[in-house]
């Protein structure tokens, strides 16, 4: 059996692509750099990250992008001996009228090679994808955003032919599908099977009402008839199952003549009688990727076992892939490049924010702007993949002003995060302190109880311990004897569902990592000896 989710933690909006006996899934990264993460498998069960294709500013310039802006819903395909990657760069997220977005195409002959410079396609809406028809023609489809007052914002799915020779869209764009009464129609993917064109879309929004809809037509131009048992998948009618928010996805026909559907999902932590959130719970791990098996009936695909997501799914008739995996990741910073698990916000990891060479064996971060900034953050972090883990680091840092602080953070977006850090106090000298930001309001939970760092302690060890609904911080001066700080943080603050209360961007997930701030402008450096992410035995289902 395949155990869901197959991509844990913040890995939403999957697009699956088959090349012979190899399978690839591309997922959204939003404001995290590099843009787009591509995973590989030969059995649909075990997946490994093999490519982060948008790794240059010339391909993806997100400086100043809003929270949950940036790369939305990439589409990966293979045709004419090369991979094709379509992606959005969203510049406005929370406007009631506007969604400023540009859609691009990059290509590469190998999945892990150097991807091309982008070709600009259009700006009419997000979630673009490219369809390669049997006659050699190519078509771009995306949702159209309607800014007009008294109009529904999701206008419909637009299609336009693409000429790779001319490197641009050609002909007239046409609306081919207006959606169903589930509304919020987005994430289109076109397929051609058994004499029909099938149009897969996401509907219902990206929260608990999320769903995937399928329609078909004899002509690519439509009209499209909707699946007789729509939706193809949704969790909405099953409030107590473990996989919620099922929707946005992509279909693949395997080389073993089987059919599978990868889709967005989320695993909620349930909390009764919460005045802040719906009774289905909240999801600090963000939106993840799951897989379901399909079967065909009367010319339509169906999800095996009913149109809702299952945790355990039958494996395909493929040899099982062996992958060495461990719940402990130790990043020792002995390489000259960041480990692919680690990402930065909006900008690449360069000497603007850090170095792995200035002091070999250490991650050096140069103090930049605050965690509230949308521009230059010296922040290196990785996804929460479990709700039971510890993250530990060791910092060497010599601040001489309260405007300088560096350490460990648990981060959702610029408004919702916490930090355990080393800084300076005019009366106490070097100290360990905590900050908490909730909806942009920053507080000091241990004000007056900051920990003084002994003068002889050049190294300070910092730890975050996550345990389901709560997490806390601890510190040590020798890496052996730890002192827990008596303040419990609520995991829900780092969830999509909490952030969605005020709209804006709520499409990512919780991260943990290292940061360095210097508001004096002197860019004082902090050196991190290692970073360890260690999952515990307890876990959510």
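With r defined as the distance between the Cβ atoms of residue 58 and residue 323 and R0 fixed at 51 Å, what FRET efficiency is calculated, to the nearest 0.05?
Numbers: r = 33 Å, r/R0 = 0.65.
Using R0 = 51 Å, I get an efficiency of 0.95.
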The range 391-456, convex hull of Cα, quarter of hull surface, nm² -> 4.9 nm²
Would you kindly state how much longer the chain becomes between residue 219 and residue 425 on full extension, computed as 0.36 nm times their sequence separation minus their alpha carbon distance, in nm to one decimal? 67.1 nm
Ranking request for peptides 167-174, 141-148, 192-199: highest mean number of other beta-carbon atoms within 10 Å first, then the rest in descending order. 141-148, 192-199, 167-174
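Distances over 29 Å make up what percent of all Cα-Cα pairs in the range 328-535? Could the numbers behind the result be given before it?
Working: 3541 of 21528 pairs.
Value for the range 328-535: 16 percent of Cα pairs lie more than 29 Å apart.
Using a 10 Å cut-off on Cβ atoms, rank the peptides 461-467, 59-65 from the highest mean neighbour count down. Spell out each step's value before the answer.
Values: 461-467: 21.0, 59-65: 18.3.
So the peptides 461-467, 59-65, ranked by packing, come out 461-467, 59-65.
Divide, for the range 454-541, the radius of gyration over alpha carbons by 2.2 N^0.38 Å, where N is the residue count.
Cα Rg divided by the expected 2.2 N^0.38 Å: 1.36.
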Linear extension gain, residue 133 paired with residue 238, 0.36 nm per residue minus alpha-carbon span: 34.1 nm
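Quick one: grab the alpha carbon gyration tensor of the range 2-313, order the square roots of its eigenvalues as a ≥ b ≥ c, and give me rounded if a/c is under 1.5, else prolate or oblate depending on whether a/b is larger than b/c. Write out the running numbers ahead of the final one.
Working: a/c = 1.21, a/b = 1.14, b/c = 1.06.
In terms of gyration-tensor shape, rounded.
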Cα gyration tensor shape for the range 51-147, rounded if a/c is under 1.5, else prolate or oblate: oblate
Sorted peptide list for 13-21, 507-515, criterion being average Cβ within 10 angstrom, highest first: 507-515, 13-21
When the convex hull of the C-alpha atoms of the chain is computed, what volume per residue in Å³ does it have? 151 Å³
If you look at just the Cα atoms of the range 214-371, how large are its Rg and its Dmax in Å? 22.2, 64
Shape of the range 74-231 from its Cα gyration tensor (a ≥ b ≥ c, root eigenvalues): rounded if a/c is under 1.5, otherwise prolate when a/b > b/c, or oblate? oblate
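Each value in this text was obtained by applying a stated rule to the coordinates, not by laboratory testing. All of these numbers come straight from a predicted model, not from anything done at the bench. Quick reminder, even Gly has a Cβ in these numbers, built from the backbone with ideal geometry, and neighbours come from all protein chains shown.
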